[in-house]
Each structure stands twice: as structure tokens, then as C-alpha cells.
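Since the structure comes first, as C-alpha cells, the remarks are kept for the end.
The values are calculated or read from the model by the stated rules, or taken from the named source; none is laboratory data. This structure is a prediction, so every number in the text was calculated from the model and none was measured. Cβ: placed from backbone, ideal geometry, glycine included. Neighbour counts: every protein chain shown.
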Amino acid sequence: MQNKTSFIVAGLLVVGAMIYLIVSSTGSTAQYFLTVEEILAMDDEAMQRNITVSGAVLGETIVYDALAPRVTFTILNVPADPQEVERRGGLARVLHDAVQDPIGARLEVVYNGVKPDLLQNEAQAIVRGKMAMDGRLYADEVLLKCPSRYEEEIPTQVDD
């Protein structure tokens, strides 16, 4: 009987330890997907954690220093809600409209690394990193998607 009780207690301790490790590691590594507007509204709170933000790349702001290597660019606010994106005409339209908006929320990004091939005007950038006191986001990772590049082409009919 005592052997069975010891086995149950040991099993509960193992399960408890596993639950603790899962919960504690998830909280410290969780990253939040935010819009540029949300980050700018957070002020100092944004500097206390890793963040993930999505925006439209403003092509005229891309500056690449190959010697460093370092690239800086600005991203503009786009809606995070997929239904809102569809309502506005799709991702390509939302990115285009964001770049055309002279008063939209913007965020400067600094990425220490080689310039990504898809970094261009109206690309969607998903950037992970930390905000600094200078108001810039220092990125650890930059993911890019150019919606016009992936649009399906309508196949032409071949005459026999």
C-alpha cells in the first residue's frame, strides 16, 4: 500500500513539474502581434518585452549599409484583423493604401544583417525585436511578403 502511495505522489510531482515548466516558459517567450499604432500608443511599456509588429514597407526609406551590414526602413500601420483587410480589398490594396497615407502611423526599423531580397515598397513586413529609447524597433528577425508577387495568374488558353 505504501509503495502504491509513493508511486502516485511521485507521478503527481512529475506532472506538476511539467505543467510548471510549460506555463513558465510560454509566458517568457510569448510574442504579441501588434500594429504600428498599438506600439506607438504603448510608449515605455513596449520597451519591456519582445514584440512582433506588422506593417507596410515604405520603399523610399530603405537604407542599406553593406559594410555593417545594416538596413533601416520604415513600416506603416496596417489593420491586424483579417476581416478588415478583406473588407478593404485584400492585402495588396491595404499595403498600397498605407504607403499612400501621408499621416499614417509609422515606425522606423533597424535590422543588423544582410538586406532581405523581398524588402521593397509595399511589401508586408513582420518584424520581431525590441523597442529602444530612440523610438526605433531593433529587429532580430524580419519576415517579408510581397502580395503582388504571389497573386495567382490566370492561365491563358492554348490553341491546338
(request) Please go through segment 42-78 and pick out each residue that is under 15 Å from Ala105 (Cβ atoms) and more than 17 Å from the chain's Cα centre (by Cα). (result) Asp43, Thr61
(request) State all residues of segment 45-64 that are within 20 Å of Lys130 (Cβ to Cβ) and charged (D, E, K, R); if no residue qualifies, say none. (result) Glu45, Arg49
(request) Please specify each residue of segment 74-108 satisfying the condition of being farther than 18 Å from Ala41 by Cβ and among the aliphatic types (A, V, I, L, M). (result) Val85, Leu91, Ala92, Val94, Leu95, Val99
(request) Mind listing whichever residues of segment 59-77 are at pLDDT 95 or above, closer than 16 Å to Leu118 by Cβ and in contact with a helix residue (DSSP H, G or I) (Cβ under 9 Å, 6 or more places away or on another chain)? (result) Ile75
(message) Looking at Asp44, Asp159 in this structure, which one is of a type in the set (D, E, K, R), closer than 22 Å to Phe33 by Cα and modelled with pLDDT under 90?
(response) Asp44
(request) Please list, ordered by first then second residue, the pairs with beta carbon atoms under 9 Å, 6 or more apart or interchain, first in segment 75-92 and over 18 Å from Thr52 (Cα atoms), second modelled with pLDDT under 90 and among the small types (Gly, Ala, Ser). (result) Ala92/Ser148
(message) Could you tell me how many of the residues in segment 100-114 are over 17 Å from the mean Cα position of the chain (by Cα) and either crowded, with 17+ Cβ neighbours inside 10 Å or free of Cβ contacts under 8 Å to residues at least 40 places away in the same chain (or both)?
(response) 5
(message) Go through segment 127-137 and report how many residues are outside any loop (DSSP other than H, G, I, E, B) and surrounded by fewer than 16 Cβ atoms within 10 Å (Cβ to Cβ).
(response) 1
(request) Enumerate the helices (runs of 4 or more DSSP H) found wholly within segment 22-125, keeping only those where 3 or more residues are closer than 16 Å to Leu144 by Cα. (result) 91-100
